[in-house]
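Heads up: the structure comes next, in structure tokens.
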Amino acid sequence: MSLNPKRTVAELKELRELTGDENGAQRLAWTDVWQKARKWFATKLVGLPIEHHYDAAGNNWVALRGASEKTLLIGGHLDSVPNGGWLDGSLNVLAGLEVLRRFAAEFKGRPPVTIRLVDWADEEGARFGRSLLGSSAFAGTHSIAADRVRTDKDGITMEDALRRCGVHMDHFQEAEKERANAAAYIELHIEQGPVLEKLGLPLGVVLGTKGVERHAITFYGQEAHSGATPMKQRKDALAAAAKLALEIRNIAGKHSDAVCTMGSLKTFPGIVTAVVGRCEATLDQRDLDAKVLAQMYREAQEASKRFAAEESCTVEWSRIWSIEPIPFHSHLVELCGQAVREISGNSHRLPSGPLHDAAEVSRAGIPTVMMFVQSLRGISHNKIEDTREEHLEMSVAALDKLATKTVDWILKAN
Ligand SMILES: [Zn+2]
């Protein structure tokens, strides 16, 4: 039996049929539909010479034991956002399954190294606002104390929702055991952005995940009557924020892959007859280079102070969240480039703006790389998320090649 990428596409459609509705994929983590997806996935394992278990954080592991205990990990996530797309996360898992089948067949159930496929629990964080939950437990970077009391929109705590699925947060750290013998981690994912489509390329090599600086910025001015206050005597907090909203485009524009987004802006009192006395904004800045990220953060702070002064306002910053850039393993990036070139004739390299489970695995010190396949219109987390079937098939073939190259590298390196 050789690799059959068409089967991956057929299985993706089967999963879409089973766990989606007219609004898109509904595999929200820790819900019945998500568990249904996992049970369906288990039926695909029947007859394979594998071991299957769930770890202490709810990650779903399939192991094909090899001659060596050294292990190649292949990962993805079956969970989706509500009204999500059919490919985000599940392509990775089902392409990984196809690669595992190929290894099982070619080596009669015993490849040269052990190969383990993981379906991470709750990558999306869509229900409790905590992304990469299962992979962070694996990596030992989880934050149980803060996470267990998180609630969903119905007031159910994360701890209760997980317990319902047989996961006890007190035992989370036992998931770290799964790191034993891990020699490399590879992950295929849809790009979720428009870069590869614009370049006319089916596949890309991911250099790493961008670091993120995420801040709340509040400008303070003076609420005042919109009719009685002359233009020159206003302390207009919105004017200062508006200047910053335009300036972040210049700040990001100096660097080729950097992005800055002011995604939320609230004005107070927020009525038509008052000058804005307080304006609350958020800023999200990302780049793969820590120095660039630090520079953009500094420049945005300086600009905010300048604009506040120009508008006779003051400004305060508070960090919401941040993560450092996570560059992937240079040799695996090289191997991924070879695999992508062999399948598509090109090997464009690009950073990932979104975070992925691969970032957590890399933080745990395991050599890691990701591969992207083109997303049509660059849209994801939406029912219209799509990728050409021929590109999906190419991505399965490229992942398979990357897996073979990585296995060879593991054997040589150890
Ligand atoms: Zn994903």
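The values are calculated or read from the model by the stated rules, or taken from the named source; none is laboratory data. Given the structure is predicted, the values throughout are model-derived calculations rather than measurements. A quick note on method: Cβ atoms are made from the backbone with ideal geometry, for glycine too, and the neighbour counts reach across all protein chains shown.
Taking the criterion of being surrounded by fewer than 16 Cβ atoms within 10 Å (Cβ to Cβ) and either under 23 Å from residue 220 (Cα atoms) or touching a Leu at 6+ places or on another chain (Cβ under 6 Å) (or both), the residues of the range 246-260 that qualify are 246, 249. If the condition is being modelled with pLDDT of 95 or more, within 16 Å of the ligand (Cβ to nearest atom) and among the hydrophobic types (A, V, I, L, M, F, W, C), then the range 98-132 contributes 117, 118, 120, 121. A single entry from 294, 300, 290, 308 fulfils the requirement of being crowded, with 20+ Cβ neighbours inside 10 Å and within 15 Å of residue 213 (Cα to Cα): 300.
The set of residues in the range 331-387 being acidic (Asp, Glu) and over 19 Å from the mean Cα position of the chain (by Cα) consists of 334, 342.
For residue 190, state whether it is under 20 Å from residue 123 (Cβ atoms), more than 16 Å from the ligand (Cβ to nearest atom) and either β-branched (Val, Ile, Thr) or in contact with a Cys (Cβ under 8 Å, 6 or more places away or on another chain) (or both). Criteria not met by residue 190. Taken together, the residues in the range 209-237 that are small (Gly, Ala, Ser) and either within 16 Å of the ligand (Cβ to nearest atom) or part of a helix (DSSP H, G or I) (or both) amount to 1. Residues being closer than 28 Å to residue 410 by Cα and part of a loop (DSSP other than H, G, I, E, B): count how many of those fall in the range 119-141. Of the residues in that region, 6 qualify.
Listed by position, the strands (runs of 3 or more DSSP E) contained in the range 296-414 that have at least 2 residues being within 30 Å of residue 201 (Cβ to Cβ) are 349-352, 368-373. Checking the structure you have, find out if any residue of the range 165-186 is within 16 Å of the ligand (Cβ to nearest atom), in contact (Cβ under 8 Å) with a residue 60 or more places away in the chain and assigned to a strand (DSSP E or B). So far as the range 165-186 goes, yes, one or more of its residues are within 16 Å of the ligand (Cβ to nearest atom), in contact (Cβ under 8 Å) with a residue 60 or more places away in the chain and assigned to a strand (DSSP E or B). Considered as a group, the residues in the range 312-368 that are out of contact with any Asp or Glu (no Cβ under 9 Å at 6 or more places or on another chain) and among the polar types (S, T, N, Q) include one that is nearest to the ligand (Cβ to nearest atom), and that residue is 362. The residue that is nearest to residue 388 (Cα to Cα), among those in the range 67-97 that are surrounded by fewer than 22 Cβ atoms within 10 Å (Cβ to Cβ) and more than 16 Å from the ligand (Cβ to nearest atom), is 70.
Checking every residue in the range 154-164 against the condition of being under 27 Å from residue 8 (Cβ atoms) and hydrophobic (A, V, I, L, M, F, W, C) gives zero matches. Among the residues of this structure, residue 379 counts as one that is modelled with pLDDT under 95, out of contact with any Pro (no Cβ under 7 Å at 6 or more places or on another chain) and within 16 Å of the ligand (Cβ to nearest atom). Among the residues of the range 17-37, write down those that are surrounded by 19 or more Cβ atoms within 10 Å (Cβ to Cβ) and within 16 Å of residue 94 (Cβ to Cβ). Within the range 17-37, 19, 20, 25, 27, 34, 37 meet the criteria.
Only one entry in 101, 148 is in contact with a Ser or Thr (Cβ under 8 Å, 6 or more places away or on another chain) and surrounded by 16 or more Cβ atoms within 10 Å (Cβ to Cβ), namely 148. Please tell me if residue 407 is away from the ligand (no atom under 16 Å from the Cβ), under 23 Å from residue 123 (Cβ atoms), in contact with a strand residue (DSSP E or B) (Cβ under 9 Å, 6 or more places away or on another chain) and hydrophobic (A, V, I, L, M, F, W, C). In short, no.
Checking each residue in the range 243-273 for being more than 18 Å from residue 289 (Cβ to Cβ) and part of a loop (DSSP other than H, G, I, E, B) picks out 269, 270, 271, 272, 273.
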